[in-house]
Amino acid sequence: MSSTTGIETVDRRGATWGVRPLGAWIMALAALAGLIVSILNYFNRDSGIAGEPGTILVIVSTAILLVAAVILARARPGAFLRWFLVIGCLVDILGTGFAAYLLESQALLLLMLAALVGWILHVAGRRSR
Amino acid sequence: MQRTELRLSRPGARRLLTPLAVLAALCLAGGPAAAQDAAKNAANNAAPGATQNEWSTFNGDLKAQKFSPLTQITPANVKDLKVAWKVHTGDMSDGSGVTPPSVWSATPLFVNNTVYLGTPFYRIFAIEPDTGKVKWTYDSKGELKALTQPDLKNRGVAYWQADNPVAGKACDKRIYIGTMDAKLHAVDADTGKPCADFGKAGVLDINVYNTQNAKWPLSLLQPPTVFKDYLLLGWAGKDWDQTVDSPGTIFALDARTGAVRWEFHSLPPEVIDKTGTANVWASMSVDPERQILYIPVSSPSPNFYGGDIPAGLEVITSVTALDIPTGKMLWSRQLVHHDIWDLDTNAAPTLFDLEKDGKTIPALIQTSKQGFLYILDRTTGEPIYPMVEKPVPASTVPGEHASPTQPFVDLPKPVVPDKWPGVYDLADWASLGYCSRTAKSLVDQGRFTPPSLQGSLVYPGTIGGTEWGGGALDPRSQTFVVNSSSAVQTYQLMTRADFDKAVSGGSETGGLFPQTGGPYGMNLNTFLNPIGMPCWKPPYGTLAAYDLKTGAQLWNKPFGQIQKWGFYMPESWGTITIGAPVITATGVVFIGASMDSRVRAIDLKTGEVLWKALVEAPAVAMPAVYDYKGKQYVVFTVGGNSILTPRVSDEIVAFSLPD
């Protein structure tokens, strides 16, 4: 079990969670914004990538990132799942960022940079334990 | 100063002062001589009744120079261009329903204080030039079926006016549009109402003249060329389908009534039971002073096998000059002998007066699918820069008698090299060696490698070199700008038995074309790997500039970006290009043409991209440049082309500088 003290969460092993959920929430917010941007791009005929399979790809990848980041922020998964999600988020962020670069979606690229900052905070938070 | 003068509200005064203001601006910008040259050039080349601030014909002018004397948009301020207006016509199809996909290559016209456009659904739009408000539309009710082309296509409309048009008198000014089902419609330019004295109630059925080997209608996708009271009309057919087709004709029609004044036949009567087409499906150019029509003549049917085509047909795959009053051929210069590659001459030659070695020579420059730039004396057809007959590979196909030589041009440098670029490692790796394996299995003997039963690697292929838009010329500096494509295709003839087996066996038929009536069918494909990557090295398309006085290539840069599944590939790859540039007097080149749904402004001096904007689909029509009420506009038709990408649109977008 864990207890919440406003700015800091401590799990049963005494780990410090202050930075980790912040990083995960940054990832989640960036993913949510990226999802919205990508959906708009898909339907906006002036976006240059409307209706394209690549746009669908980043819609899916940002949605997955959103779910994974929320799980990391809110739940207490076991070690294997936690690491799977952490590594998966990194792959998702880098892949989506590369796709955003090729799609020339600068907003999505910036959001993936923000997500990467969140991921680093999340991992750094683990290591500060 | 210029804007103040041009904002005079009285139309008559505006029409008078606009050219004067342009002239004044040119005097300030480029000196009196340049200004006078540009103004004189524009005045000489414009359609009857047009002024130099207009874009009154498909190519901007009768000489197909695609040059605008306007000066408001410059290399310095072009980055500030903004959308002035947009119109969506609603006339588009992605082919997912019963309507074939649309291809929209219509150059907008600006004349009679109106922007006119034809759509792929064969409707005319008349649009206010400064607001984009639709004045009127006309629906030809043309059949929306793939009667000859796989896509619904339109390259725009044509404008004619009487010598002294009377204001308010119906049909003293007319707009013409053709349809795939061979109907030519004439409507009043002010109201869009049909002109009752033209054909039958405003509609002329050209197919009544389709009396020999008729298997499909004479599709009118390219608007007629208008000179004086002549409508000069070619047509498009259905390629690669039949061995014996309708023989190529040019019609000179009376602009008022549609009556045929003369016909020109590109094939002699004694051969029309063996072949067909050699038609003129692209635009044409006119020397107004000499009253000469220049026609780009295409290849004969069935396009990839010539065993049944008699030797000595001099007009096929040529540029040919006709006397407009009589229709008599003045000269013809064949560009490919015994064409078995479908290397149609596919664009209007650009006419200009070449300043060379202290002489002024009436010249033309003809672009081509084969990538050569032919510069000829336009009064005689003789080459100004050498055309050299060189030996080319013989055909191994039983029955074929390929020409032993073909004309080559080394100067100006061809827009594509003589040899294909070779296998691209990335495409080869991505396909586990498919590209290199396939290349080794193909016959490759360089330029003019004939189609073979084994399969030939053909470079440039039928979609290569320069497409139907041709190039643009700055007549003052004699700088010619042209876009091109580096495309590798595979041509494999199949015996009739093998072809029938392949079709009946349910194989992929996308690359199979029957050439019915002859001994061979055809399997033609662009050389892609299984995941759709070009197997050859980039760049896939370039934009180049030439000094025609010397033939020197000034610059040559990859143009556009490939976009696949939405992903943009590196700029250094360029793209296959369809469309054409235009040049303005300030040295700005405007062009769409790329796969990446962008329109661009290029610096004429350096080839650098000065500005680009995203539009809804590839803008495969050449843009129009005009001045209205003191403001310069650049208008792009955005429709797409299935050769580049499935993306289609129905957008017309005009750009101008902010107030």
Legend entry - the stretch B:330-355 residues that are over 17 Å from B:PRO581 (Cα atoms), paired with ones that are among the charged types (D, E, K, R) and surrounded by 24 or more Cβ atoms within 10 Å (Cβ to Cβ) (beta carbon under 6 Å, 6 or more apart): B:LEU343/B:LYS369
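Which of the residues spanning the stretch B:63-81 are on the phi < 0 side of the Ramachandran plot and in a loop (DSSP other than H, G, I, E, B)?
B:LYS63, B:GLN65, B:PRO69, B:LEU70, B:THR71, B:GLN72, B:ILE73, B:THR74, B:PRO75, B:ALA76, B:ASN77, B:LEU81
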Inset, instruction - Scan the stretch B:210-234 and report the pairs whose first residue is buried (at least 23 other Cβ atoms within 10 Å of the Cβ) and whose second residue is in a strand (DSSP E or B) and among the basic types (Lys, Arg), with Cβ atoms within less than 6 Å and a gap of 6+ or a chain change. - result: B:LEU221/B:LYS153
Inset, instruction - Would you check if A:ALA31 is crowded, with 21+ Cβ neighbours inside 10 Å, part of a helix (DSSP H, G or I), more than 13 Å from chain B (Cβ to nearest Cβ) and touching a Lys or Arg at 6+ places or on another chain (Cβ under 9 Å)? - result: no
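Residues that are buried (at least 24 other Cβ atoms within 10 Å of the Cβ): find the strands (runs of 3 or more DSSP E) completely inside the stretch B:253-298 holding 3 or more of those. Step through it out loud before you land on a result.
On the way: elements: B:260-265, B:285-287, B:292-297.
Once the strands (runs of 3 or more DSSP E) in the stretch B:253-298 are filtered for at least 3 residues that are buried (at least 24 other Cβ atoms within 10 Å of the Cβ), what remains is B:292-297.
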Inset, instruction - Please list, ordered by first then second residue, the pairs with beta carbon atoms under 7 Å, 6 or more apart or interchain, first in the stretch A:39-56 and at the interface with another protein chain (Cβ under 7 Å from one of its Cβ atoms), second among the polar types (S, T, N, Q) and buried (at least 16 other Cβ atoms within 10 Å of the Cβ). - result: A:GLY48/B:SER597; A:ILE49/A:ASN41; A:ILE49/A:THR55; A:ILE49/A:SER105; A:THR55/A:SER38; A:THR55/A:ASN41
Legend entry - Identity of the residue in the stretch B:564-582, over 14 Å from the mean Cα position of the chain (by Cα) and on the phi > 0 side of the Ramachandran plot, that ends up surrounded by the fewest Cβ atoms within 10 Å (Cβ to Cβ): B:TRP565
Legend entry - Number of the exception - A:TRP119 against (1) under 15 Å from the mean Cα position of the chain (by Cα); (2) within 14 Å of chain B (Cβ to nearest Cβ): (2)
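Just a yes or no: is a residue in the stretch B:523-542 of a type in the set (D, E, K, R) and loosely packed, with under 15 Cβ neighbours inside 10 Å?
No, the stretch B:523-542 contains no residue that is of a type in the set (D, E, K, R) and loosely packed, with under 15 Cβ neighbours inside 10 Å.
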Inset, instruction - For the stretch B:537-558, name all the residues that are in contact (Cβ under 8 Å) with a residue 60 or more places away in the chain and touching a helix residue (DSSP H, G or I) at 6+ places or on another chain (Cβ under 9 Å). - result: B:LYS537, B:PRO538
Legend entry - Selection status of B:SER597, under 16 Å from the mean Cα position of the chain (by Cα) and closer than 24 Å to A:LEU103 by Cβ: no
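Coordinate-derived values only; no laboratory data. All figures in this text were calculated on a predicted structure; none of them were measured in a lab. Note that each Cβ is placed from the backbone with ideal geometry, even for glycine, and that neighbours are counted across all protein chains shown.
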